[in-house]
Amino acid sequence: MNVLYVYISAGCPGCDRARQLIDEVQVLRPVYPVRLVDLDQPDAIRPAFVFGTPTYTLGERIISLGNPALQGLLDILDREADGHTGCRSVNNY
């Protein structure tokens, strides 16, 4: 199962909501691996394909630029957990 990475930064107006979404995901899908990456931290690694915040990724696939709807994000995580990793993104909802 790919880890859900959520990239945030201090100057990002949507990043407080991103933190809230991640908290909700961790309550509703506690077994799903989630990592919050604050790009302002000195040890943070920004993949070349991440060019804005918040950005949600699974593996090297961006699933949302900006904050998705909670249900759309949960649907993608459920499909990922079931082994169905199609190209659909949350932004398709």
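Computed from the coordinates by the stated procedures, all read-outs in this text should not be read as laboratory data. Computed from a predicted model, the values in this text were never measured in an experiment. As a convention, Cβ positions derive from the backbone with ideal geometry for all residues, glycine included, and neighbour counts pool all protein chains shown.
For this structure, a couple of remarks:
- In the range 36-82, of all residues being in contact with a Leu (Cβ under 7 Å, 6 or more places away or on another chain) and surrounded by fewer than 16 Cβ atoms within 10 Å (Cβ to Cβ), the one that is farthest from Tyr5 (Cα to Cα) corresponds to Leu70.
- Selection status of Leu39, aliphatic (A, V, I, L, M), more than 18 Å from Gly83 (Cα to Cα) and touching a strand residue (DSSP E or B) at 6+ places or on another chain (Cβ under 8 Å): yes
- Scope the range 1-57; condition under 11 Å from Asn67 (Cα atoms), hydrophobic (A, V, I, L, M, F, W, C) and without any contact (Cβ under 8 Å) to a residue 40 or more places away in the chain; matching residues: Cys15, Ile22
- Pairs are defined by a Cβ separation below 8 Å, a sequence spacing of at least 6 or placement on different chains, a first member in the range 68-81 that is without any contact (Cβ under 8 Å) to a residue 40 or more places away in the chain, and a second member that is part of a loop (DSSP other than H, G, I, E, B) and among the β-branched types (Val, Ile, Thr); the pairs so defined are Arg79/Thr85.
- Filter pass, Leu4 being aliphatic (A, V, I, L, M), within 21 Å of Ala81 (Cα to Cα) and buried (at least 16 other Cβ atoms within 10 Å of the Cβ): yes
- Of all residues making up the range 32-61, the number that are farther than 19 Å from Gln20 by Cα and under 12 Å from the mean Cα position of the chain (by Cα): 4
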